[in-house]
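Please read through the structure below; I'll follow up with questions.
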Amino acid sequence: MAQDEATRWRATTILMVRKGGKVVIGGDGQVSLGPTVMKSTARKVRRLGKGSVISGFAGSTADAFTLFERLESKLEQYPGQLTRACVELAKDWRTDRYLRRLEAMMLVADKDVGLILSGTGDVLEPEGGIMGIGSGGNYALSAARALSDSALDAESIVRKSLKIAAEICVYTNENLTIETLDSE
C-alpha cells in the first residue's frame, strides 16, 4: 500500500562536483513530512572510512543511517577500495530482506571515484565529475553542469548550485553541509 501523500517523508538535495583537484559533496538541511518542514538543519553529508570518503543521502533518515553504518563496515572490510565496498553494499541492499525495504539513495566519493548507490543495485559513476540526487538533485545537477566551465572552484559550484536548487525545489533549503577532499 502506498504511503499517504500528506505523510510521506520528502527527499533532499545532494550534489557532488569534482574539479581542480578537489571533490566536494554538499547537501541541504531540510527534512519535510508532507507539506511541513520538520527540521531545517539536518546533516545529510558525512565523512566515512576514517575521513577518506564523503557521503550524502537522500530519503528516509533512519534508512540512511543504516546504510552509512553498512558502508562503513564495507570500507573496513575493503580498505582503499571504495568501488568494491559500494558494489558489495549494493548487493546486500538488493538481496537482504531487511535492507531491500530501505528508501534512500547515497552519493559517495573518495579521492579517485564518485558513485551513486541505490536499492535497486545501481552503482553508477557520474559523467563529467558531477552528480546529484534527491528531490532537488536534477536542479542542482543542471546548475553545476552549467557552471562547470566557469572559473569557479568545486566548492563554489556546489554552493551556488544548491542555492539555485533551493530557489526551485520546495523540499530543499539553504542550510548547507559541505565536505571536501583533495582528489590529487
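Mind checking whether some residue in the stretch 111-127 is assigned to a helix (DSSP H, G or I) and among the basic types (Lys, Arg)?
Taking every residue of the stretch 111-127 in turn, none turns out to be assigned to a helix (DSSP H, G or I) and among the basic types (Lys, Arg).
Residues of the stretch 27-59 being small (Gly, Ala, Ser) and either closer than 11 Å to ASN175 by Cβ or surrounded by fewer than 23 Cβ atoms within 10 Å (Cβ to Cβ) (or both), which ones?
Those that are small (Gly, Ala, Ser) and either closer than 11 Å to ASN175 by Cβ or surrounded by fewer than 23 Cβ atoms within 10 Å (Cβ to Cβ) (or both): GLY27, GLY29, SER32, GLY34, SER40, ALA42, GLY49, GLY51, SER52.
When residues of the stretch 138-158 are filtered for being buried (at least 19 other Cβ atoms within 10 Å of the Cβ) and either under 20 Å from THR41 (Cβ atoms) or among the aliphatic types (A, V, I, L, M) (or both), how many remain?
8
Determine whether the stretch 122-129 contains at least one residue that is touching a Leu at 6+ places or on another chain (Cβ under 7 Å), surrounded by fewer than 15 Cβ atoms within 10 Å (Cβ to Cβ) and modelled with pLDDT under 95.
Among the residues of the stretch 122-129, at least one is touching a Leu at 6+ places or on another chain (Cβ under 7 Å), surrounded by fewer than 15 Cβ atoms within 10 Å (Cβ to Cβ) and modelled with pLDDT under 95, which makes the answer yes.
Same structure again: For the stretch 1-98, which fully contained strands (runs of 3 or more DSSP E) count at least 1 residues that are among the small types (Gly, Ala, Ser) and either at pLDDT 90 or above or over 21 Å from PRO126 (Cβ atoms) (or both)?
22-27, 31-33, 53-59
The values are calculated or read from the model by the stated rules, or taken from the named source; none is laboratory data. Bear in mind the structure is a predicted one, so any value in this text is a computation, not a measurement. Here the Cβ is made from the backbone with ideal geometry for all residues, glycine too, and neighbour counts use every protein chain on show.
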